[in-house]
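The values are calculated or read from the model by the stated rules, or taken from the named source; none is laboratory data. None of these values were measured; they are calculated from a predicted model. A quick note on method: Cβ atoms are made from the backbone with ideal geometry, for glycine too, and the neighbour counts reach across all protein chains shown.
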Amino acid sequence: MIAIVLIALAVLFFTGLVLASASIRVLREYERAIVFRLGRVIQQKGPGLVLLIPMVDRMVRVSLRTVTLRIPPQEVITRDNVPVRVAAVAYFRIIDPSRSVIEVEDFMAATLQISQTTLRSVLGKAELDALLSERERLNESLQQIIDEQTEPWGIKVTTVEIKDVEIPERMQHAMARQAEAERNRRAKIINAEGEFQASARLAEAADVISPNPVTIQLRYLQTLSEVSGNQASTIVFPLPLDMIRPLIEAGRDGEGESAEQVHGARDEPESRGLQAGAGELQPGAEEHE
């Protein structure tokens, strides 16, 4: 008789433990419980200790933490017909646990699918240059569209970021050539601007120097002193014509005077000879008569 009582007490104790384990739940701070009683949602519970009626209540645990959703690479053809592979990442969290359980079967899979389709749709309307340079605008557009789709499920999409863009190799070479040509164009423009500014400054300097010719001579001497600092260099110094023009003119004047003197010396004996001949002919003429 005592053995039967002990066995009955042991069975009751074990049954109580089973019922207690089935009716008591402990939820963390970031968790909420959706309780179904006979198939109907009664209330949202948590965090902390949650008591359930065994065999009557069923609980679904929902986490309120932000979820990182990795969107696998998607094959996208841009607006200018360039095939690219784009990978992205989305961040979302549940703001209404009841709707996330009741309105959608698997909110994680549903959010992933809507993110993939939205990514292909939005990026397919953008050109390659916009995809590479306007990521912030595209990220905002993706976030707004995905959030509108998931809002009935009690899910808030906070951020969508384009993580990686894979471009075909031939397109990479073409973009490299384009970038090189653009850099060359900018270099030529900058060089031309520098030449223009330098010519303008030289013109201003010429206007300053032109009233005083001695200034340009001093500038030549200063340049010569600067260049002569390196003994291994060969100096070709241009001599201004203004410095030697007086000498050239003086030389020309001297040559003209000497030529006139020579011609005068030559003409004087001839004239004397003519005069002498005339004198000699006059007496002869008289005698002939």
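The table that follows gives values for the structure above.
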{"read-out": "Residue among 80, 57 that alone is surrounded by 11 or more Cβ atoms within 10 Å (Cβ to Cβ), closer than 30 Å to residue 121 by Cβ and not small (Gly, Ala, Ser)", "value": "80"}
{"read-out": "Hits in the stretch 56-86 - residues which are closer than 20 Å to residue 114 by Cβ and charged (D, E, K, R)", "value": "70, 75, 85"}
{"read-out": "Qualifying residue in the stretch 135-146 (condition: surrounded by 14 or more Cβ atoms within 10 Å (Cβ to Cβ), acidic (Asp, Glu) and modelled with pLDDT of 90 or more)", "value": "no"}
{"read-out": "Residues located in the stretch 24-36, provided they are of a type in the set (Lys, Arg) and within 14 Å of residue 102 (Cβ to Cβ)", "value": "32"}
{"read-out": "Residue match in the stretch 124-133 (condition: within 22 Å of residue 66 (Cβ to Cβ) and surrounded by fewer than 16 Cβ atoms within 10 Å (Cβ to Cβ))", "value": "no"}
{"read-out": "Test result for residue 73, part of a strand (DSSP E or B), farther than 21 Å from residue 155 by Cβ and not assigned by TED's automatic domain parsing to the domain that holds residue 174", "value": "yes"}
{"read-out": "Selection within the stretch 83-98 - of a type outside the set (S, T, N, Q) and either surrounded by fewer than 17 Cβ atoms within 10 Å (Cβ to Cβ) or more than 15 Å from residue 154 (Cβ to Cβ) (or both)", "value": "83, 84, 85, 86, 87, 88, 89, 90, 91, 93, 95"}
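Per-residue answers, yes or no, for (1) over 26 Å from the mean Cα position of the chain (by Cα); (2) over 29 Å from residue 31 (Cβ atoms); (3) in contact (Cβ under 8 Å) with a residue 40 or more places away in the chain:
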| position | (1), (2), (3) |
| --- | --- |
| 78 | no, yes, yes |
| 81 | no, yes, no |
| 90 | no, no, yes |
| 99 | yes, no, yes |
| 104 | yes, no, yes |
| 116 | yes, no, yes |
| 132 | no, yes, no |
| 165 | no, yes, yes |
